[in-house]
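Engineer: Here's a structure for you.
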Amino acid sequence: MCLVPKHCNDMMNLGRLQGFEGKLTAQGKLLQQDTFFVTEQDSGVLSRSKERRVFLFEQIVIFSELLRKGSTPEYLYKKSIKMNYLKLESNIENDPCKFALLCRASSERLVLQAANPEIKQAWVEDITKVLEAQLNFLEALQSPIEYHKKESNSMVVPNRISQLNSKPQSPPSGPEKQARPGSHNAALPPLTISTSSSSPGYDQYHLGDKYEPGKNSMAGCNGTSSMIVTQDYFALKENEISVNQGEVVQVLTVNQQNMYLVYRSANDHSPAAEGWIPGYTLSPIPKNITDSSDGSIK
């Protein structure tokens with residue numbers, strides 16, 4: 001019941017943050033925001049504790065100073081640490097309210113003291129999830145075959161899809177074989193290369209020759225296709241987006257690295273966004289499932 005008021009409060013506080021030069025909408029979903037007493041340590045020198053409003057995104061942690069209190073507070077950007085440079089220390093001096101964030105690119109260390117143990121625990125859990133997602137992504141890059149084998153063995157179909165597909169189905173007859181979940185490229189015609197350079201770092205392809213409206217049951221009115229997200233993914237690069245299990249996205253482009261350029265409509269948790277996600281997070285939408293107006297399955 002409190003999700004909508006909290007989301008509105010989060011958005012209002014973000015609008016009151018001044019001095020941050022980047023795009024807040026490009027930092028992924030806002031996971032947490034709270035006020036901490038922060039002690040900075042750089043090259044062994046400790047500073048005095050300062051009150052800071054801290055925002056935890058999927059791609060960055062932002063520290064700000066409270067400029068004005070009251071019903072419409074304002075915040076001034078002070079510093080930030082990108083999540084791919086972040087290191088977490090969850091136990092500081094056995095204090096149930098303290099944890100530390102370290103930057104791998106420098107000797108900077110920040111000790112955060114929360115108002116209560118529950119706030120600290122929520123932050124530690126969310127940061128740990130993001131860091132684990134980064135490790136999984138690196139593992140997939142270094143050993144993609146082994147990683148996909150492990151994912152195939154451990155993949156769990158979303159509960160809602162399992163319930164809707166609970167009716168027994170007769171196996172296919174003849175030499176035709178059932179497609180494995182997640183093997184999207186197996187039944188698709190060859191890709192055609194595009195000369196577009198809109199996405200640096202990825203070899204881009206168009207889906208125009210791959211998905212034809214009228215032939216593909218998932219095809220949309222613009223020749224794109226809708227697919228369902230089968231597991232959460234946290235964006236690690238500027239041109240990627242974060243998606244949540246159960247969301248429906250429109251596939252725009254696929255590349256040779258099995259990365260998908262998708263568009264996600266705005267929902268209660270995140271604004272509309274377009275960016276890259278790995279193919280193992282997607283699956284075709286079953287025929288008996290429709291997508292709702294907020295971009296999730298019904």
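Engineer: Going through the range 46-115, which trypsin sites (Lys or Arg not before Pro) have at most 12 other Cβ atoms within 10 Å and a DSSP loop state?
Structural biologist: Answer in residue order: 48, 69, 104.
Engineer: For Cα pairs less than 8 Å apart in space and 6+ apart in sequence, what is the mean separation divided by the residue count of the range 1-145, i.e. the relative contact order in percent?
Structural biologist: 19
Engineer: Further, regarding this structure: Roughly speaking, to the nearest percent, how much of the range 33-145's 1.4 Å accessible area is carbon and sulfur?
Structural biologist: Whole-percent figure for carbon plus sulfur exposure: 49.
Engineer: Using θ = phi - 60° and the Karplus curve 6.51 cos²θ - 1.76 cosθ + 1.60, what whole-Hz ³J(HN,Hα) does each residue of the range 16-25 get, with Gly and Pro shown as x?
Structural biologist: Taking θ as phi minus 60°, the curve returns 9, 7, 10, x, 7, 7, x, 9, 5, 5 Hz for the range 16-25.
Engineer: Would you please give the FRET efficiency between residue 12 and residue 93, computed as 1/(1 + (r/R0)^6) with r the Cβ-Cβ distance and R0 = 45 Å, to the nearest 0.05?
Structural biologist: 0.80
Engineer: How far is it, in nm, from the label point at residue 128 to the one at residue 77 when both lie 7 Å from their Cα along the line to the Cβ?
Structural biologist: Reported label-point gap for residue 128 and residue 77 is 3.1 nm.
Engineer: So who's got an amide H within less than 5 Å of the one on residue 235, skipping anything under 5 residues away but keeping other chains? H placed 1.01 Å off N, in plane.
Structural biologist: 242, 243
Engineer: Excluding residue 49 itself, calculate the net charge of residues whose Cβ lies under 12 Å from the Cβ of residue 49, where each Lys or Arg counts +1 and each Asp or Glu counts -1.
Structural biologist: +2
Engineer: I would also like to ask the following. Can you list residues whose amide H is under 5 Å from residue 285's amide H, if they're 5+ apart or on another chain and H is modeled 1.01 Å from N?
Structural biologist: Counting only residues 5 or more places away or on other chains, the set is 228.
Engineer: At what distance in angstrom do the alpha carbon centres of the range 236-286 and the range 54-69 lie from each other?
Structural biologist: If you average the Cα positions of each part, the centres end up 26 Å apart.
Engineer: Could I have the simple spin-label model distance between residue 237 and residue 269, label points 7 Å from Cα toward Cβ, reported in nm to one decimal?
Structural biologist: 2.4
Engineer: A further question on this structure: Along Cα→Cβ, 7 Å out, is where each label goes; now give me the distance between the ones at residue 25 and residue 145 in nm to one decimal.
Structural biologist: Each label point lies 7 Å from its Cα, and together they span 4.3 nm.
The values are calculated or read from the model by the stated rules, or taken from the named source; none is laboratory data. Only a predicted model underlies this, so the values are computations on that prediction, with no experimental measurement involved. Neighbour counts run over all protein chains shown; Cβ positions are idealised from the backbone, glycine included. Just the protein is used for accessible areas: all its heavy atoms, side chains included, with ligands, DNA and RNA removed. Shrake-Rupley method; radii C 1.70, N 1.55, O 1.52, S 1.80 Å.
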